[in-house]
Amino acid sequence: MNMSRRRTDSQGSLGPDDEAMPYSDDETDDELAVSSEGEPDEPPGAPHPPVETRPKMGWKVKANDRAYHQLPEFQKKVFLCVKKSRYSGNAIKTYKYNVFTFLPLNLYEQFKRAANLYFLALLILQIIPDISTLPWYTTLVPLVVVLGVTAIKDLVDDLARHRMDKEINNRKSEVLLDGRLDQKAKWRDIQVGDVVRLKKNDFIPADILLLSSSNPNSLCYVETAELDGETNLKFKMGLRVTDERLQEERQLAEFNALIECEEPNNRLDKFLGMMRWNQETYPLELDNMLLRGCKVRNTEECRGLVIFAGLCHERKYHPSWYLYDGKDQDASYRGFLSFWGYIIVLNTMVPISLYVSVEVIRLGQSKFINWDLQMYFAEKDTPAKARTTTLNEQLGQIEYIFSDKTGTLTQNIMQFKKCTIAGRSYGDPTTAEGVSLDRGRPVDWSWNRHADKKFQFMDNYLVAHVRSKKDRDATEFFKLLSLCHTVMVEHKDGDLVYQAASPDEGALVTAARNFGYVFLSRTQDTITIREMEQENTYEMLALLDFNSDRKRMSIILKFPDGRIRLYCKGADTVIYERLAPNTRHKESTQTALDIFANETLRTLCLCYKDISAEEYAAWSRKHKDAQVTMVDRDAALDRVYEQIENNLMLIGATAIEDKLQDGVPETIAKLAKADIKIWVLTGDKKETAENIGYSCSLLTDDMQIHYGEDVNEKLSIRQANRRNEPQTVRRGKKKPAEPFFTEPGKNALIITGGWLNEILYEKKKKRRRLRLRRLGKRPPPSSPQNGQPMNDLEKEMRQIDFVDMACECEAVICCRVTPKQKANVVSLVKKYKKAVTLSIGDGANDVNMIKTADIGVGISGQEGMQAVMSSDYAFAQFRYLQRLLLVHGRWSYIRMCKFLRFFFFKNFAFTLVHFWYSFFSGYSSQNSDFCLLISLQDVNDRLSLKFPKLYQPGQQGSLFNYRNFFISLFHGIFVSLIIFFIPYGAFLQTMGQDGEAPSDYQSFAVVTASSLIFTVNLQISLDTSYWTFVNCFAVLGSIAIYFGIMFDIHSAGIHVIFPSIFTFTGAASNALRQPYLWLTIILTVGISLLPVICIQFLHKTIWPSVGDKVQRNRKKYEMELEEEEKKKPSAFQRGRRSRRSAYAFSHSRGYADLISSGRSIRRRPAARGGPQDSIREVPHREAENI
């Protein structure tokens, strides 16, 4: 299989750009206008109304002028004639209640639940004296407890929101008021148009236009972890005009510009606007904006203008069995009252105790998750947290997991692991003499005072080789790494701090530093490095920056001796196309790249080219012309770059490891064995996502990979076949869909966001709506030839086909997708597969996905807390997911299913005893009691993890469904018949040993109730497979409590206190003194349990489930686990697979524009203060670049 397939050029309209961030439905129609105009969907010659190509700016902000934003033109109607300014305040409000609305609103929300309404209706019936067969307080007290506990919980949660809102709204920032910038104002008082000053480590209080900063050229670094989960610093930059004119407080006070921009929206990746100031107009973009929630880093002070503010974001026995009660009521009226009386008696089918018990069980299960020390991450002191109590049993039914990649599967730590130089590979453990070792020692960097001591490398031979300076290729290799990059450097307290556009670049520059080639400083046109102990400065003639189409970057340098050389690094797929015919080591380097790819390392090829002065001079003129062109400048520059980046000489290649979190491959493997399918939804590039898929074992060598064009082709064929079917066939009986992949073997799908929109018609839907608005009429109906869906049904069928195809695959990776697309993919699977889904992520860009899934999991302790705040469960490492699902989820599902089955069985048996009794009591609606507790688990946690297939009954819903419900129903009917009619037969014409007949109703009730208590508790014991002290206490304790209460309510003491209520003094003790009645109880219980024992024996012997087999051999498996823990894990062996590009395609566009403009370089003293004593690099993590 060719893994390095060439992508179809998007300009040829054959498919979308795999590397561009996809179209999003969040884009406005105006933004799509330009891109839509060229689409010929109207008849030729049709008149077109004039179209505004510039996006409409509907938001106006006047600097330092609060009164301007209160003008009538900015007022909006909120209620009748009441108006207020459309510019909201900066206060946020996330709470739901206040002092006046809490009680009514909370009660309204609770009574929207059907269960609460049901019990309220029962309470109303019980208040009516002629109907009531039970005291009204038997329903009122439990209902009040349920409502009260829920209200208290809601109140506590809302008070926490109040506290958080108050804390945020009362934060203070310096605002320019009355001409002074040192005025402290609370965040809630900040308004649109205010000028604010922020200092290092301050949170940004609103969406602010950066005006100036203490850094040169108003450069400002921000951390966006709270927004997008990324911790590598982003740079923002003020306009040149504001940087030059707005440094002093007086200048800021006189600033009176008018900002026109797009209205507030939820996009984090785009901003369009313009600033009008002093009769000049200046364009504004996202790089000029500081977004609320970010934190100012590495910048002592900055000033900005507020553009958007706020969030634009025991019962008594009734002696009423007598046929005449002294009331003069006719038969029909009595029948009416008896009907409602039996509604009350038979409410024990679904009593309020079911509601309470379910909530208590769920609460207990949540506490088990919170208390699980095996899900506690000690390194960051982060325990697992169940943030909800209502979804625990669904954790045992998950079929699809949707995972983010960056920060969820990976640690975002890049490390230089291996390399190949002049055809020889390095990186495996060796001695300084080149002798290979099975287990070596890390290199000792004490010889290099500039080295990063955290950097580990196992090949001592390469270090010795580089230090000897005998190998010209090795020297050029590390010199290239120290020179060809866009890393920014800052002098700070005697240290050097690196700021890299991507973590890959940071890792490569750090590697060069440790090998003796230290990047020290740069200016607009020079780069200074230390080569071993010699410091050299190179003149930078041109910097050809990286972008997603070029997949490479180059730098043209003039050496101190006058030579001109181009250094280039990039993806092997593009570098090999540009190598000179006489370059050496192509085959050996290609072999090394294959090996690196097999080890899921991310690679870059390094090469160079010597350029003559004449050749450079001619090229430079073309380069300058392309830099100033006003038409398609990027394309013009790319064409010029192509002219110089050819005939390159290959030096070697680097291999970087994007470290996975601990236990990720093992977790994915176990979840796959549990028949849980994992989809990775990421904003990263395709190559990066694919490499991580292999490294975490989501993709394997025996899988056939299908890409967007393959998927689109298969879906189009299926759609065309459906269109060609006769109408009679189409409307007839629905036949089962044929599989998309008919060949044997495993399949995987890798699809980009652009292809996803193309396949699901999302892009065309938006553009058709735009054209409809522009034309002012309905467009002609779609035809099969124009690629449009014929109707909504066809679009829905297309979505169903895509979901069916994806679900046939063992793994699915969606890359370059927006947050909204992530949520759309989850909703498609939920809608068409009716499956329980789980989403897991760590950043704000995962919030939509987390909220859309049935269960959301947030990774905490790593980056921003947005994902955690939106999640149902939170923990610190992806590997804890297997324990959450395979242990806690499975146990929770089993507990709830067993509880419900027993509860309905018990209630049917208990209630139907009254039903049979009514035939003999004139339907007088009487009652009796008992209690129930359930077992905890079937097998322990270690066996649950060892045998993931134990999880499958939850996915199939086989432990509680309609079949189980009716089995419980018939089981209850059978037991109720036995419990009533055996004692009934025994009581007929019976004489006790004292010569008295024990055939009174109360003795009969004692016998039936006692038989029921013994039956249900022994039934629990039969189904309990894992005995603990709690189980024993629950079973024996419930029996003891029953007899204690029964003797108490039949005692003389309680009769003296409540003579009118407890009238049957001594009935229980008198009945249970009769051996005959004890024999009746034993006979009743035995006959009730005998069929269950026989059925369970046959079932576990003839048709045992996976759980039955595990339980039968539990001790054997536990011993095997202990032996496995004593053994050391075997090394993970990677297999060979066909060639694919392992290019480390995580780079975003670098800082080339800043560097070449000279704006970002602080002017330093003429003489640097000698060599730096220590150099360190700020660690960066990979960005998804959404």
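The values are calculated or read from the model by the stated rules, or taken from the named source; none is laboratory data. What you see is a predicted model, and the numbers here were worked out from it, not measured in a lab. No Cβ is skipped: glycine too gets one built from the backbone with ideal geometry, and neighbour counts run over all protein chains shown. Quick note on the areas: whole protein, heavy atoms, side chains included, nothing else; ligands and nucleic acids left out. Shrake-Rupley method; radii C 1.70, N 1.55, O 1.52, S 1.80 Å.
With R₀ set to 30 Å, the beta-carbon distance separating residue 121 from residue 1090 gives a calculated FRET efficiency near 0.15. Once ligands and nucleic acids are excluded and a 1.4 Å probe is used, how much of residue 623 is accessible, expressed in Å² to the nearest 10? Probe radius 1.4 Å; accessible area of residue 623 about 20 Å². All distinct Cα pairs of segment 555-681 go into the 1/r average, and the inverse of that average, the Kirkwood radius, is 18.0 Å.
Computed over protein heavy atoms with a 1.4 angstrom probe, the accessible surface ordering of 687, 539, 725, largest first, is 539, 725, 687. Centre-to-centre, using Cα atoms only, segment 560-578 and segment 611-650 are separated by 14 Å. Surface calculation, 1.4 Å probe, protein heavy atoms: residue 200 sits at approximately 70 Å² accessible. Ordered by solvent-accessible area of protein heavy atoms (1.4 Å probe), largest first, the residues 375, 164 come out as 164, 375.
Residues of segment 949-965 falling in the label zone of residue 1103, defined by backbone nitrogen less than 16 Å from a point 7 Å along Cα to beta-carbon, are 953, 957-965.
A protection proxy built from the mean count of other Cβ atoms within 10 Å ranks the segments 360-373, 822-835, 145-158, most packed first, as 822-835, 360-373, 145-158. Peptides 672-684, 638-650, 516-528, 1086-1098, ordered by how many other C-beta atoms sit within 10 Å of their residues on average, highest first, read 672-684, 516-528, 638-650, 1086-1098. The heavy atoms of residue 1026 offer some 60 square angstrom of accessible surface to a 1.4 angstrom probe. For segment 192-308, the gyration tensor built on C-alpha atoms gives an oblate shape. Its axis ratio a/c (a ≥ b ≥ c) is at least 1.5, and a/b is not larger than b/c. Each peptide among 1039-1050, 62-73 gets the average number of other Cβ atoms lying within 10 Å of its residues, and from highest to lowest they stand as 1039-1050, 62-73.
Remark: accessible surface ordering of 970, 455 (largest first) is 970, 455, probe radius 1.4 Å. Legend: residue pairs 166/234; 93/184; 367/822; 714/831; 417/469, Cα-Cα distance threshold 24 Å; pairs beyond threshold, 166/234; 367/822. The length gained on full extension between residue 1028 and residue 716, counted as 0.36 nm times the residue separation minus their Cα-Cα distance, comes to 106.4 nm. Each Cα pair under 8 Å and six or more residues apart adds its sequence gap; the mean of these over the residue count of segment 145-213 is a relative contact order of 22 percent.
When a 1.4 Å probe is rolled over the protein heavy atoms, the share of accessible surface on segment 192-308 that falls to carbon and sulfur comes to 43 percent. Across segment 192-308, Cα pairs under 8 Å and at least six residues apart give a relative contact order of 49 percent.
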